[in-house]
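For reference, the structure discussed in these notes is given below.
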Amino acid sequence: MGRLSGVVVLAIAMVFAFTFVACGGGMDPNKPAGAVGGTTEKGGQIAVAGTPEADAPLKAGGVKGTYSKTTGKLELLVYDSNKDGKPDMWGYMDGTKMVRMEIDKDFDGKADRWEYYDANGKLEKVGLSRANNGKVDAWVYQGPDGKIARIEVSTRGDGKVTRWEYYENGVLARAEEDGDGDGKIDKWETYQPNGALASVSIDTKKTGKPDRKLVYGPKGVTVLQLK
């Protein structure tokens, strides 16, 4: 997704960093961890879920891996990327496969970016917090060209998608929105190639079709009544 690649690279580095230090201590992310805890020979922190080691503080600049108590597989990687002794990246794993990653980009203690991966390890979508409250409320999807193709938004912040934005060449081209949350689209927006709002069509009668349209031009807004 263009600008997303830097974080993806960091995520990959995070996995390899832990695999390196863990294997230095005789650990394999795909093999049962048993009653393992403490640190590896190369300084990586390892723990089994539900044990005191799993709650141990993260070392500054360190990586800590937590293994499932039942399957023995690696299930969580925690990383301190800015070396302040506080975790700012959380990788949810299925052995060596990354399932989801949460990232605290501004180091305020709250995740503000969520990355979701498919079964092949390919980045599927990226979640963002437009409200900047530590809760995901928008999901970004990329097209074959690597540019943003669609953004789904939970306008109420409850996890339910009520707005869909569609992009062409990385620029917002049109959008659809369920303004009253009844599960039906009642607002349609179109945008000019430069990203400026061109028109808004609204369904005020709850028929599923627009009956009013606002057209934005150099001389202002024109209101049209649609049949």
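The values are calculated or read from the model by the stated rules, or taken from the named source; none is laboratory data. What you are looking at is a predicted structure, and each value in this text was computed from that prediction instead of being measured. Cβ atoms come from the backbone with ideal geometry, glycine included; neighbour counts cover every protein chain shown.
Mind checking which residues of the range 193-203 are in a loop (DSSP other than H, G, I, E, B) and in contact with a strand residue (DSSP E or B) (Cβ under 6 Å, 6 or more places away or on another chain)? Spell out how you get there, then give the answer.
Residues of the range 193-203 in a loop (DSSP other than H, G, I, E, B): 193-196, 203.
Result: Gly195, single match.
Which of the strands (runs of 3 or more DSSP E) found entirely inside the range 138-182 contain at least 3 residues meeting this: under 26 Å from Ala111 (Cα atoms), over 16 Å from the mean Cα position of the chain (by Cα) and not aliphatic (A, V, I, L, M)?
Qualifying strands (runs of 3 or more DSSP E): 163-168.
Would you confirm whether or not the range 54-73 contains a residue that is in a strand (DSSP E or B), crowded, with 16+ Cβ neighbours inside 10 Å, on the phi < 0 side of the Ramachandran plot and in contact with a Pro (Cβ under 7 Å, 6 or more places away or on another chain)? Quick ask: steps written out before the conclusion?
Of all residues in the range 54-73, those in a strand (DSSP E or B) come to 63-67.
Of the ones still in play, those that are also crowded, with 16+ Cβ neighbours inside 10 Å are 63-67.
The next check asks that each one be on the phi < 0 side of the Ramachandran plot; those that pass are 63-67.
Filter again for in contact with a Pro (Cβ under 7 Å, 6 or more places away or on another chain), leaving none.
No: the range 54-73 contains no residue that is in a strand (DSSP E or B), crowded, with 16+ Cβ neighbours inside 10 Å, on the phi < 0 side of the Ramachandran plot and in contact with a Pro (Cβ under 7 Å, 6 or more places away or on another chain).
For the list (1) β-branched (Val, Ile, Thr); (2) surrounded by 18 or more Cβ atoms within 10 Å (Cβ to Cβ); (3) part of a strand (DSSP E or B), I need the number of the one condition that Thr190 fails.
For Thr190, the exception is condition (2).
Among the candidates Val136, Val140, Val78, single out the residue that is in the same structural domain as Ala60 (by TED's automatic domain parsing) and not aromatic (Phe, Trp, Tyr).
On inspection, the qualifying residue turns out to be Val78.
Quick test for you: out of Gly127, Gly157, Gly146, pick the one residue that is within 23 Å of Arg100 (Cβ to Cβ), surrounded by 12 or more Cβ atoms within 10 Å (Cβ to Cβ) and in contact with a helix residue (DSSP H, G or I) (Cβ under 7 Å, 6 or more places away or on another chain).
Details: Gly127 fails: in contact with a helix residue (DSSP H, G or I) (Cβ under 7 Å, 6 or more places away or on another chain); Gly157 fails: in contact with a helix residue (DSSP H, G or I) (Cβ under 7 Å, 6 or more places away or on another chain).
The conditions single out Gly146.
Looking only at the range 96-105, count every residue that is in a loop (DSSP other than H, G, I, E, B) and crowded, with 19+ Cβ neighbours inside 10 Å and tell me the total. Write out each step before concluding.
First, pick out the residues of the range 96-105 that are in a loop (DSSP other than H, G, I, E, B): 96, 104-105.
Filter once more, so that each one left must be crowded, with 19+ Cβ neighbours inside 10 Å: 104.
Qualifying residue count for the region: 1.
Of everything in the range 81-126, what is among the aliphatic types (A, V, I, L, M) and within 16 Å of Lys64 (Cα to Cα)? Give them in sequence order.
First pass over the range 81-126, keeping only residues among the aliphatic types (A, V, I, L, M): 89, 93, 98-99, 101, 103, 111, 119, 123, 126.
Once the filter is applied, which keeps residues that are among the aliphatic types (A, V, I, L, M) and within 16 Å of Lys64 (Cα to Cα), the range 81-126 yields Met89, Met93, Met98, Met101, Ile103.
Got a number for residues in the range 76-95 being assigned to a strand (DSSP E or B) and of a type outside the set (D, E, K, R)? Give the derivation first.
Looking only at the range 76-95, we keep the residues that are assigned to a strand (DSSP E or B), and these are 76-79, 89-94.
In the following step, the residues that additionally are of a type outside the set (D, E, K, R) were identified as 76-79, 89-93.
Count: 9.
Which residue is surrounded by the fewest Cβ atoms within 10 Å (Cβ to Cβ), if the candidates are limited to the range 193-225 and must be touching a Lys or Arg at 6+ places or on another chain (Cβ under 7 Å) and among the small types (Gly, Ala, Ser)?
Gly208
Tally the residues that are in contact (Cβ under 8 Å) with a residue 12 or more places away in the chain and part of a loop (DSSP other than H, G, I, E, B), restricting the search to the range 106-134.
13
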